[in-house]
Each structure stands twice: as structure tokens, then as C-alpha cells.
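The values are calculated or read from the model by the stated rules, or taken from the named source; none is laboratory data. Fair warning: this is a prediction, and the values are worked out from it, not measured in the lab. No Cβ is skipped: glycine too gets one built from the backbone with ideal geometry, and neighbour counts run over all protein chains shown. Remember, those area values only see protein heavy atoms, side chains included, never the ligands or the DNA or RNA. Shrake-Rupley method; radii C 1.70, N 1.55, O 1.52, S 1.80 Å.
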Amino acid sequence: MADTGFRSFVSRDPNSEFPAESGRYHLYISYACPFASRCLAYLKIKGLDKAIGFTSTKAEYGKTSDTDEHMGWVFPASNTEEAGAEPDPWNGAKSIRQLYDLANPTYAGSYTVPVLWDKKLKTIVNNDSSQIIRMLNSEFNEFAENAALDLYPLHLRVQIDETNEWVYKGINKGVYNCGYAKEQGPYDEAVKLLFESFDKCEEILGKQRYLCGNTLSEADIRLFVSLIRFDEVYAIHYKCNKKHLREYLNLFNYTKDIYQVAGVSSSVNMDHIKRQFYLTQRSINPSGIIAVGPGIDFSSSHDRDKFGK
């Protein structure tokens, strides 16, 4: 993914440029975006709701400027326009693009979510989800209801980093490589790697509860955001239909297990997810028809307790 230019860090150090403070930062997300959704999942899991607010854009792209044709993440005009989406409460921005323009008037990169916003300095701190989740995991513990929960513990960091690498290449990014392939060869390569990665996950999860042992970690949240979208979107929309998630005994039960971790389910809005992918990505789905199913109940029972609590 392209470097999008905002890579500062919130720190527990009170003398840092961006010190951890309750009420100072705001997270802008889209429920549709898996990378933004993993930040929201962290916010909820860590119990940081009272310290850091968040706002979601509308599910579908809209025009971000009156002077060009750019389409991107936009906010609704009112709280009642679209369920799950709200107007920008701090800057009155009409789009994510306007937040970037406020932070840097000469910015020329992509207008992506997530955005971690500093209300005091009126700027973007960071817009890289992999870095934002690390901040949420450790730097705000003074204000976190679940401060003891460490999703990136020191003894697992090498394993988590290695797992993140192959999961990202094969699954997180792999589904997009399948969906946006313009020729058969690249598609075949991407879909082969995707299902090899699924098979690897399935084997690992047949021996332990989570990807890096029997402890929930960052690697699980990063994988989950792709799995929760798989049968509803990727299998159909991105032609990732060799097998469905629900055909994998361990992976399917694992997905339900993560979904049922306190706070995670509230980071999933399937209506937003499906409308963004099926309605916005018209180069892949010209008709804009939203596939009806399968409507999986991820709150149903699973078998992962067999590995212990």
C-alpha cells in the first residue's frame, strides 16, 4: 500500500509531541474498511471508549470536492441520514479528504481511513492502521478499562510479526489481489496463495485456540477483519470462491470466537461492508447488485473452548 504520509506516534511520555491524554484524540473510520475496523476493534477491546471518541463515514463513496471528480469517504449531513454514520463532530468536515487538507494543505496522497486526529493541534497524528493499533494497545493504558490486556506481548512479538507478514500477503491483501486482477495468471497466483494461507491457518487452529498460541493477540484481530468479510463479500465479489469460510471447521469456529470477544462485534457493520464493496466498486460489479447472503450468525456457539479459556 502507498505511503500516505502521517506517521507520528502518541506516547505515554508527557513531554512527547503527542502525549497520551483522555479526550484529546478522535478516531475516524469506515465500518466498511477492514483496516479501519481493526482500529475500532482495538478501541473497544481495550475499553478506551471514554478516552477516545470515534466517527464513521457513510458506507458509500461520495464527491469530496466541488472542483474535481474525486470520490471518497464522506460524512452524512445529519445523525439520521444513515445508521452507523455521523457528521464530523470536531471540524465540520464533509469528507475525510477535508481532514487531510486541514492537516496539510499541500497533501497529495490518498485520502484513506483510519485517521487518528489530534483535536488540540488540529492535525492527523497517524493514518496507518498497523501503527494505530500498537498505540491503542499500550500508550493509553492509563485510561483503558482493560489495561492489563496486551495484544502485542514481548514474548510473542517475533511470532506475531512473522504471522502478520504471511497473513497480510496471502489473505488481508490477497483478497484484493484476487478481486482486482486484470488477467487470469495474476488471479490464479493470488487465489492459490490465498487458499494456501487459509489451509495454513486451519492447520494451526486445529492445534491451538489462536494464531500465536492460546492467547488472543494482534495477529488474530488482523486476520479476523478479513475473515468476517469473506463469505459475504470476498468469496462472491472478488471471485474467492474455491471454498467458503464456513467450510473450514477450525477457521469458521475461530471467527465466531473472535467475534464474541467483548467489544469486537460492535466493530462489525455488515450493511456498511456490503454496500461499500458491491455498490462502490463498479469496475468489479457494474450492476451494483448486492448479493443477498449468506447472513451468517457469528454469535452462535463455537467449539474453541476446548483449548481452554
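Miscellaneous remarks
- Residue-normalised accessible area of segment 115-236, given per residue in Å² at a 1.4 Å probe: 42 Å²
- Dipole axis of segment 1-113 (+1 Lys, Arg; -1 Asp, Glu on Cβ), positive-most option in GLN98, TYR61, SER30: SER30
- Distant-in-sequence amide contacts of ASN126, defined by a placed amide H-H separation under 5 Å and a gap of 5 or more residues or a different chain, comprise LEU116.
- When the pairs LYS63/LYS120; LYS173/LYS274; LYS94/LYS122; LYS239/LYS274; LYS94/LYS119 are compared against a 21 Å limit on Cα-Cα distance, LYS63/LYS120 fall above it.
- Positive minus negative residues near SER129 (Lys, Arg vs Asp, Glu; Cβ under 13 Å): +3
- For segment 267-309, the per residue solvent-accessible surface stands at 52 Å², with DNA, RNA and ligands left out and a 1.4 Å probe.
- Estimated distance in nm for a label pair at SER287 and LYS192, the labels positioned 7 Å out from Cα along Cα-to-Cβ: 3.2 nm
- Sites ASP305 and LYS200, calculated FRET efficiency, Cβ-Cβ separation with R0 30 Å, nearest 0.05: 0.85
- For segment 152-227, chymotrypsin sites (Phe, Trp or Tyr not before Pro) are listed when DSSP marks them as loop and at most 15 other Cβ atoms sit within 10 Å of their Cβ; the list is TYR180.
- Structure remark: mean-square fluctuation, Gaussian network model of the chain, C-alpha springs under 10 Å; the largest value among ASN137, ASN126, ASN285 belongs to ASN285.
- Mean separation of Cα contacts under 8 Å, 6 or more apart, over the residue count of segment 129-248: relative contact order %: 26 percent
- 3J(HN,Hα) from dihedral phi, segment 158-173, Karplus parametrisation 6.51/-1.76/1.60, rounded to Hz, x for glycine, proline: 4, 5, 5, 4, 5, 5, 4, 5, 6, 5, 4, 5, x, 10, 3, 8
- Surface composition of the chain: carbon plus sulfur atoms hold 50% of the accessible area, using a 1.4 angstrom probe and ignoring ligands, DNA and RNA.
- Straight Cα distances below 28 angstrom link LYS306 to the lysines LYS44, LYS46, LYS200, LYS207, LYS243, LYS256, with same-chain residues fewer than 8 positions distant left out.
- Cβ-based net charge around ARG282, under 13 Å, with every Lys or Arg adding one and every Asp or Glu removing one: 0
- Dipole size of the chain about its Cα centre, with +1 on Lys/Arg Cβ and -1 on Asp/Glu Cβ: approximately 240 debye, rounded to the nearest 20.
- Which labelled figure in (1) 20.1; (2) 24.2; (3) 19.5 is Kirkwood radius over Cα pairs in Å, once derived from the coordinates: (1)
- For ALA36, neighbours were defined as the other residues whose beta-carbon sits under 14 Å from its Cβ, and their charges (Lys and Arg +1, Asp and Glu -1) total +4.
- About the centre of its Cα atoms, segment 19-90 shows a dipole size close to 520 debye [charges on the beta carbon of Lys, Arg (+1) and Asp, Glu (-1) only; nearest 20 debye].
- Computed from the Cβ-Cβ distance with R0 of 45 Å, the FRET efficiency linking TYR152 to GLN184 stands at 0.70.
- Of the trypsin sites (Lys or Arg not before Pro) in segment 197-286, those whose Cβ has at most 10 other Cβ within 10 Å and which sit in DSSP loop: LYS207, ARG282
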